[in-house]
1. Out of everything in the range 354-392 that is touching a residue at least 60 places away in the same chain (Cβ under 8 Å) and farther than 25 Å from Ala77 by Cβ, what residue ends up being surrounded by the most Cβ atoms within 10 Å (Cβ to Cβ)?
2. I'm checking my understanding of the structure. Among residues of the range 418-432 that are within 20 Å of the chain's Cα centre (by Cα) and surrounded by 21 or more Cβ atoms within 10 Å (Cβ to Cβ), which one is nearest to Phe443 (Cα to Cα)?
3. Being at pLDDT below 90, surrounded by fewer than 24 Cβ atoms within 10 Å (Cβ to Cβ) and more than 28 Å from Phe216 (Cα to Cα) is true for just one of Val116, Val132. Which residue is that?
4. Restricting the search to the range 387-410, which residues are closer than 20 Å to Gln356 by Cα and either aromatic (Phe, Trp, Tyr) or touching a Gly at 6+ places or on another chain (Cβ under 8 Å) (or both)?
5. Between Tyr32, Tyr86, which is modelled with pLDDT of 90 or more and among the hydroxyl-bearing types (Ser, Thr, Tyr)?
6. Could you please give the count of residues in the range 135-146 that are in a helix (DSSP H, G or I), touching a helix residue (DSSP H, G or I) at 6+ places or on another chain (Cβ under 6 Å) and not aromatic (Phe, Trp, Tyr)?
7. Confirm whether Val173 is part of a helix (DSSP H, G or I), under 29 Å from Pro113 (Cβ atoms) and modelled with pLDDT under 85.
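The values are calculated or read from the model by the stated rules, or taken from the named source; none is laboratory data. Model, not experiment: these values are computed from the prediction. Reconstructed Cβ throughout: ideal geometry from the backbone, glycine too, with neighbour counts over all protein chains shown.
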Amino acid sequence: MTNAGNPGPEGHGIEHDTLAPQKERIMDPWSYLFAWLGGCVSIGTFTVGSGLVGTLNLLQVIVAIAIGCLVIGVALAINGQAGHRYGIPMMVQARTSFGFQGNKLPALVRSVPAIVWFGFQSWVGAGALNLVSATMFGFDSIVFYFVAFQVLQIALSVFGFHGIKWVENIGSVFIIGALIYMFVSVLNRYGDEIGTNLVSAEGTWGAPFWGATMLFMGIYATMMLNVSDYSRELKESTGPFRQVMIYANSILPATLFMGMIGIMVSSATGVVDPIDVFASAVDNPVLLVVTLLFIAFAQLTTNILNNVVPPAYALMDTLGWSFRKSAIAVGLLAFCTFPWELVKDESSAGLNLFIQTYSAFLGPIFAVMVVDYYVIRGQQLDIAAHYDATGPYAGINWAGVIASAIGVAAALTFPSISWYASLIPAGASYCLLMQYLPAAQRFRPEGPAAGALVSAG
């Protein structure tokens with residue numbers, strides 16, 4: 001792999017070291033797998049599962065999760081190749097398809113759901129800590145624990161990927177054990193109700209089933225966009241097929257357990273709030289405390305990996321801030337998402353709509369970035385131009401912006417499968433616009449950037 005130097009803040013005055021091409025890779029394949037496993041235990045998956053009660057039976061939920069996770073694995077491996085090969089984060093990768101100024105669009109689209117999920121999952125984690133405190137010490141103040149939990153997550157985030165790596169790797173073993181325990185506890189407690197309401201239910205393999213695959217996939221659609229932020233930390237010797245296996249095998253167990261637990265408990269009790277669910281499902285006080293601590297810890301590992309790094313990088317690129325300052329800002333913005341409203345039982349359907357809506361915006365940008373890297377540039381990037389604010393990628397690439405808008409329009413026409421529906425319209429229109437739109441001429445490889453193409457092999 002050849003990189004055109006290591007452009008940084010001294011080279012162009014706009015880059016922080018964290019956005020420069022990554023030279024030191026700190027994650028081997030196993031470490032990378034455990035990091036993704038620890039970062040994918042999302043309470044959002046639990047809520048999506050709860051929202052499918054009365055629509056799918058248990059087998060259909062399992063198959064929907066498996067399909068969603070396979071799509072996730074392939075999509076992550078495809079879009080993560082630029083980051084893995086050249087060591088660049090998403091905000092730098094997007095400069096060819098959207099331009100230095102235009103990549104504020106993918107930055108905004110990626111950051112908003114991350115910050116909302118950060119607030120939502122932090123409130124759930126704080127609720128778990130508060131219930132432990134009330135049970136053991138008689139101190140009951142969820143607001144206190146929400147603030148304290150946010151401070152802890154922000155403090156861990158400022159250590160960057162070196163700190164994230166160890167938090168995720170250590171936590172993944174605990175997470176798998178706790179998930180298995182919770183699954184068995186739910187079966188023991190609600191086995192009869194689950195058999196009646198889920199196993200014997202007719203369900204459907206039609207449109208609602210495929211909509212469910214998108215919902216489970218949509219929870220991770222944000223990471224499909226910025227996967228280069230993570231893949232740039234993976235050892236260069238890890239091939240594409242092995243990357244697919246890493247993504248699928250790390251995301252599937254967490255998604256399968258959380259989604260199944262969500263639909264099983266909600267079908268038996270009608271309860272959606274995970275804290276209430278496990279408070280009623282676990283009889284032993286000691287095990288209850290352990291379970292609640294797991295819920296809190298799982299939110300911490302998920303937030304640090306998925307919901308802090310992407311918007312922090314966006315702030316770094318947009319405002320020129322340091323990673324530490326950007327991570328603190330992300331944590332503070334999460335306070336403004338009103339997460340106490342999102343965890344209510346009646347909010348379950350609203351969260352599903354939220355996933356469908358932001359997936360309608362994420363899918364087109366994903367398609368544009370993939371087509372740009374593989375079709376337009378043939379996987380050959382001019383790394384120096386990616387860091388030259390006055391070079392060929394200065395300004396806005398209107399081909400990427402217009403193609404994304406076309407994809408969004410198509411996605412919103414089919415909201416239940418919005419991410420799927422956006423891909424072909426956005427990708428095909430981007431190809432045509434890059435070829436025929438005059439404003440996109442200087443972004444083409446045969447334009448000013450042609451002579452500086454850098455071979456990656």
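1. Tyr387
2. Filtering first and then ranking leaves Ser422.
3. Every option except Val132 fails the conditions.
4. Of everything in the range 387-410, those that are closer than 20 Å to Gln356 by Cα and either aromatic (Phe, Trp, Tyr) or touching a Gly at 6+ places or on another chain (Cβ under 8 Å) (or both) turn out to be Ala403, Gly407.
5. It is Tyr86.
6. Qualifying residue count for the region: 1.
7. So Val173 passes the test.
Results for (1) modelled with pLDDT under 80; (2) more than 30 Å from Gly395 (Cβ to Cβ), shown as yes or no for each residue.
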site	(1), (2)
Val309	yes, no
Asp317	no, no
Lys325	no, no
Ile328	no, yes
Leu342	yes, yes
Leu351	yes, yes
Phe354	no, yes
